[in-house]
Amino acid sequence: MAKPVSTEVQRQTGNTYYRAGFLRAGIGFFANYVNFTGRSSRSEYWWVALWRLLIAVLFVAAAWLILGVDEGIVKLFSGDMPRVASLIAWFLILILYGLVSIVPALALEVRRFRDAGWSWWWMVGFYGTASLGGILVSTGELNNQPWGYAIGTALIVVTAIFELVIDLLPTKNPPVAGDQVN
C-alpha cells in the first residue's frame, strides 16, 4: 500500500492524493472532485480507472440479474412490474452515478495531462474530435453512408489512442521531497 507523500510533494503537485494507492485513489477521486489545478500521478489515475471499471462491472452484473435471468427481457415486455421497477431503479442509479462522477473524471484527466506535461487544451481537442467522430458515425448509419461511419470510427479510435498514450506518459518534472532538494 502506498504511503502518503510528503507535504512538500503535496504542495508542489497541488494534490493531497498524489501517488495514491488503490483505496486512497478511490477516496481522492471524489475528494478532489473540483481540483483542476494540481497534478495526478499515473498510479492515482490508473487506480481510479480500476475503481471505475469495477463499478461498471457491478452495474452490468445488476442489469444481467434484472434482465438476463429466466428470459427477463421477454417477461419485462409482458408486464412483469417488479422487474420493470427494478430496471427503472437501476437506470436511475446509473444516471446518478454518471452525473456524480463526470466532474471528478474530468478533473482527474486534466490533472493527469498536466502531470504528463501536456496542456489540458489537448483534452478539449480530443473530446471535440471524438464528438465529431460520433456525429459522423451516427449520421453515416442513419443515411446509409459507409464513408461517414468509417471516418467517424477512425476519428474515435485515433483520438482514444492519443489520449491513452498521454495517460501512459511518465511524470514530467517530478516533484522533489523536501529532504531531496540540493
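Values as computed for the structure displayed
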{"quantity": "Output for segment 37-51, where each listed residue is open to solvent by 60 Å² or more (accessible area, probe 1.4 Å) and within 19 Å of Val9 (Cβ to Cβ)", "calculated": "Thr37, Arg42, Trp46, Trp47"}
{"quantity": "Selection from segment 11-45 of residues that are free of Cβ contacts under 8 Å to residues at least 12 places away in the same chain and hydrophobic (A, V, I, L, M, F, W, C)", "calculated": "Ile27"}
{"quantity": "The lone exception for Ala62 - which of (1) assigned to a helix (DSSP H, G or I); (2) under 14 Å from the mean Cα position of the chain (by Cα); (3) touching a residue at least 24 places away in the same chain (Cβ under 8 Å) it fails", "calculated": "(2)"}
{"quantity": "Number of positions in segment 24-36 that are assigned to a helix (DSSP H, G or I) and either open to solvent by 80 Å² or more (accessible area, probe 1.4 Å) or among the basic types (Lys, Arg) (or both)", "calculated": "3"}
{"quantity": "Matching residues in segment 114-147 - criterion: being touching an Asp or Glu at 6+ places or on another chain (Cβ under 8 Å) and in a helix (DSSP H, G or I)", "calculated": "Met123, Phe126"}
{"quantity": "Segment 144-179, subset touching a residue at least 40 places away in the same chain (Cβ under 8 Å) and of a type in the set (A, V, I, L, M), residue most open to solvent (accessible area, probe 1.4 Å)", "calculated": "Leu168"}
{"quantity": "Tally, over segment 130-143, of residues that are closer than 19 Å to Ile102 by Cα and open to solvent by 40 Å² or more (accessible area, probe 1.4 Å)", "calculated": "1"}
{"quantity": "Count of residues meeting criterion [among the polar types (S, T, N, Q) and over 20 Å from Val103 (Cβ atoms)] in segment 1-40", "calculated": "4"}
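The values are calculated or read from the model by the stated rules, or taken from the named source; none is laboratory data. The shown structure was predicted, so the numbers you read here are calculated from the model rather than taken from an experiment. Glycine gets a Cβ as well: all are built from the backbone with ideal geometry, and neighbour counts include every protein chain shown. Surface accessibility is based on the protein's heavy atoms, side chains included, excluding ligands, DNA and RNA. Shrake-Rupley method; radii C 1.70, N 1.55, O 1.52, S 1.80 Å.
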